[in-house]
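The values are calculated or read from the model by the stated rules, or taken from the named source; none is laboratory data. A quick note: this is a predicted structure, and the numbers were derived from the prediction, not measured. Note that each Cβ is placed from the backbone with ideal geometry, even for glycine, and that neighbours are counted across all protein chains shown.
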(Lines give C-alpha, C1' and ligand atoms only; values in the text may rest on other atoms or scores of the structure.)
Protein backbone atom coordinates (compact mmCIF):
# COMPACT_ATOMS: atom_id res chain seq x y z
CA UNK A 1 0.00 0.00 0.00
CA UNK A 2 1.30 3.41 -0.98
CA UNK A 3 1.98 5.87 1.82
CA UNK A 4 0.26 9.28 1.81
CA UNK A 5 2.54 12.10 0.66
CA UNK A 6 3.52 15.12 2.78
CA UNK A 7 5.14 18.34 1.61
CA UNK A 8 7.14 19.84 4.46
CA UNK A 9 6.87 23.63 4.34
CA UNK A 10 9.80 25.54 5.83
CA UNK A 11 8.10 26.54 9.09
CA UNK A 12 7.90 22.83 9.99
CA UNK A 13 11.66 22.33 9.83
CA UNK A 14 12.22 25.65 11.59
CA UNK A 15 10.14 24.50 14.57
CA UNK A 16 11.84 21.09 14.46
CA UNK A 17 15.37 22.44 14.72
CA UNK A 18 14.99 25.70 16.69
CA UNK A 19 16.30 26.19 20.21
CA UNK A 20 13.54 25.54 22.78
CA UNK A 21 11.38 28.63 23.10
CA UNK A 22 10.37 30.34 26.34
CA UNK A 23 7.03 31.21 24.72
CA UNK A 24 4.67 28.48 25.91
CA UNK A 25 2.71 28.25 22.65
CA UNK A 26 5.83 28.12 20.50
CA UNK A 27 7.38 25.56 22.87
CA UNK A 28 4.24 23.42 22.56
CA UNK A 29 4.42 23.66 18.75
CA UNK A 30 8.08 22.64 18.88
CA UNK A 31 7.21 19.64 21.05
CA UNK A 32 4.38 18.57 18.73
CA UNK A 33 6.70 18.96 15.73
CA UNK A 34 9.39 16.81 17.36
CA UNK A 35 6.78 14.21 18.29
CA UNK A 36 5.52 14.09 14.70
CA UNK A 37 9.07 13.79 13.36
CA UNK A 38 9.97 10.97 15.76
CA UNK A 39 6.71 9.00 15.64
CA UNK A 40 4.78 9.79 12.45
CA UNK A 41 7.11 10.63 9.57
CA UNK A 42 7.72 6.97 8.73
CA UNK A 43 4.01 6.67 7.87
CA UNK A 44 4.38 9.15 5.00
CA UNK A 45 6.43 9.81 1.89
CA UNK A 46 8.10 13.17 2.58
CA UNK A 47 8.82 15.85 0.00
CA UNK A 48 10.33 19.34 -0.15
CA UNK A 49 11.25 21.74 -2.94
CA UNK A 50 14.10 24.11 -3.68
CA UNK A 51 11.92 26.83 -2.15
CA UNK A 52 12.19 25.05 1.22
CA UNK A 53 15.96 24.71 0.84
CA UNK A 54 16.34 28.39 -0.11
CA UNK A 55 14.29 29.50 2.92
CA UNK A 56 16.09 27.07 5.24
CA UNK A 57 19.41 28.67 4.26
CA UNK A 58 18.29 32.11 5.50
CA UNK A 59 19.11 33.61 8.88
CA UNK A 60 21.65 32.53 11.49
CA UNK A 61 24.25 30.25 9.86
CA UNK A 62 24.20 27.69 12.71
CA UNK A 63 20.40 27.50 12.71
CA UNK A 64 20.41 27.24 8.90
CA UNK A 65 22.89 24.35 9.09
CA UNK A 66 20.58 22.49 11.51
CA UNK A 67 17.60 23.02 9.20
CA UNK A 68 19.53 21.82 6.15
CA UNK A 69 20.79 18.74 8.02
CA UNK A 70 17.22 17.82 9.02
CA UNK A 71 16.17 18.08 5.37
CA UNK A 72 18.88 15.75 4.06
CA UNK A 73 17.54 12.71 2.30
CA UNK A 74 14.05 14.11 1.70
CA UNK A 75 12.92 13.91 -1.92
CA UNK A 76 13.03 17.20 -3.82
CA UNK A 77 10.14 18.10 -6.11
CA UNK A 78 10.99 20.21 -9.13
CA UNK A 79 9.73 23.76 -9.58
CA UNK A 80 8.51 23.72 -13.18
CA UNK A 81 7.06 26.46 -15.35
CA UNK A 82 3.62 25.07 -14.51
CA UNK A 83 4.33 25.62 -10.80
CA UNK A 84 5.63 29.14 -11.38
CA UNK A 85 2.53 29.99 -13.43
CA UNK A 86 0.10 28.53 -10.90
CA UNK A 87 1.86 30.33 -8.02
CA UNK A 88 1.18 33.55 -9.93
CA UNK A 89 -2.50 32.64 -10.24
CA UNK A 90 -2.70 31.95 -6.50
CA UNK A 91 -1.51 35.51 -5.93
CA UNK A 92 -3.56 37.09 -8.75
CA UNK A 93 -6.75 35.47 -7.43
CA UNK A 94 -5.87 36.56 -3.87
CA UNK A 95 -5.70 33.04 -2.43
CA UNK A 96 -2.21 34.01 -1.21
CA UNK A 97 -1.16 37.63 -0.50
CA UNK A 98 1.04 39.21 -3.19
CA UNK A 99 3.90 39.78 -0.74
CA UNK A 100 4.00 36.04 0.19
CA UNK A 101 5.38 34.61 -3.04
CA UNK A 102 7.16 31.74 -1.28
CA UNK A 103 3.88 30.60 0.28
CA UNK A 104 2.33 30.59 -3.18
CA UNK A 105 5.22 28.45 -4.42
CA UNK A 106 4.87 25.96 -1.54
CA UNK A 107 1.17 25.53 -2.27
CA UNK A 108 1.70 25.39 -6.03
CA UNK A 109 4.39 22.70 -5.71
CA UNK A 110 2.10 20.58 -3.51
CA UNK A 111 -0.87 21.03 -5.87
CA UNK A 112 0.92 20.39 -9.14
CA UNK A 113 2.68 17.30 -7.77
CA UNK A 114 -0.56 15.91 -6.27
CA UNK A 115 0.69 15.85 -2.68
CA UNK A 116 -1.83 14.68 -0.06
CA UNK A 117 -0.77 16.96 2.84
CA UNK A 118 1.03 20.28 3.12
CA UNK A 119 2.49 20.33 6.64
CA UNK A 120 3.09 23.82 8.03
CA UNK A 121 3.01 26.08 11.07
CA UNK A 122 2.18 29.03 8.81
CA UNK A 123 -1.32 29.67 10.11
CA UNK A 124 -1.46 33.16 8.66
CA UNK A 125 -1.47 32.33 4.94
CA UNK A 126 -1.62 28.54 4.59
CA UNK A 127 -3.18 26.58 7.49
CA UNK A 128 -5.85 29.21 8.01
CA UNK A 129 -9.54 28.30 8.08
CA UNK A 130 -10.52 31.76 6.82
CA UNK A 131 -8.30 31.32 3.73
CA UNK A 132 -9.21 27.68 3.03
CA UNK A 133 -12.21 28.38 0.81
CA UNK A 134 -10.32 30.90 -1.36
CA UNK A 135 -7.38 28.52 -1.69
CA UNK A 136 -9.60 25.55 -2.58
CA UNK A 137 -11.65 27.55 -5.09
CA UNK A 138 -8.54 28.81 -6.86
CA UNK A 139 -6.98 25.34 -6.98
CA UNK A 140 -10.18 23.80 -8.32
CA UNK A 141 -10.62 26.57 -10.90
CA UNK A 142 -7.23 25.70 -12.36
CA UNK A 143 -7.77 21.95 -12.22
CA UNK A 144 -5.78 21.04 -9.12
CA UNK A 145 -6.78 19.09 -6.03
CA UNK A 146 -5.89 21.09 -2.94
CA UNK A 147 -3.69 19.21 -0.50
CA UNK A 148 -4.92 19.06 3.07
CA UNK A 149 -3.10 22.01 4.59
CA UNK A 150 -2.50 21.30 8.26
CA UNK A 151 -0.21 21.62 11.25
CA UNK A 152 1.64 18.62 12.70
CA UNK A 153 -0.88 18.67 15.55
CA UNK A 154 -3.59 17.75 13.04
CA UNK A 155 -1.58 14.91 11.48
CA UNK A 156 -0.63 12.90 14.54
CA UNK A 157 -2.32 9.71 13.40
CA UNK A 158 -4.72 7.46 15.23
CA UNK A 159 -4.43 6.84 18.93
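Data for the structure
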{"quantity": "Lone qualifier among 30, 62 - being surrounded by 17 or more Cβ atoms within 10 Å (Cβ to Cβ) and without any contact (Cβ under 8 Å) to a residue 24 or more places away in the chain", "calculated": "30"}
{"quantity": "Total residues in segment 142-159, condition in contact with a helix residue (DSSP H, G or I) (Cβ under 8 Å, 6 or more places away or on another chain) and under 14 Å from residue 86 (Cβ atoms)", "calculated": "5"}
{"quantity": "Count of residues meeting criterion [exposed (fewer than 15 other Cβ atoms within 10 Å of the Cβ) and modelled with pLDDT of 95 or more] in segment 143-156", "calculated": "2"}
{"quantity": "Count of residues meeting criterion [under 12 Å from the mean Cα position of the chain (by Cα) and part of a loop (DSSP other than H, G, I, E, B)] in segment 1-40", "calculated": "1"}
{"quantity": "Residue check for residue 116: touching a strand residue (DSSP E or B) at 6+ places or on another chain (Cβ under 9 Å), modelled with pLDDT under 95 and farther than 19 Å from residue 55 by Cα", "calculated": "no"}
{"quantity": "Filtered residue count, segment 119-141, keeping only those that are at pLDDT 95 or above, surrounded by 15 or more Cβ atoms within 10 Å (Cβ to Cβ) and out of contact with any strand residue (DSSP E or B) (no Cβ under 9 Å at 6 or more places or on another chain)", "calculated": "4"}
{"quantity": "Residue ranges of helices (runs of 4 or more DSSP H) in segment 41-159 with at least 3 members more than 18 Å from residue 17 (Cβ to Cβ)", "calculated": "81-92, 101-112, 129-141"}
{"quantity": "Evaluation of residue 129 against (1) out of contact with any helix residue (DSSP H, G or I) (no Cβ under 8 Å at 6 or more places or on another chain); (2) more than 28 Å from residue 30 (Cα to Cα) (one fails), failing number", "calculated": "(2)"}
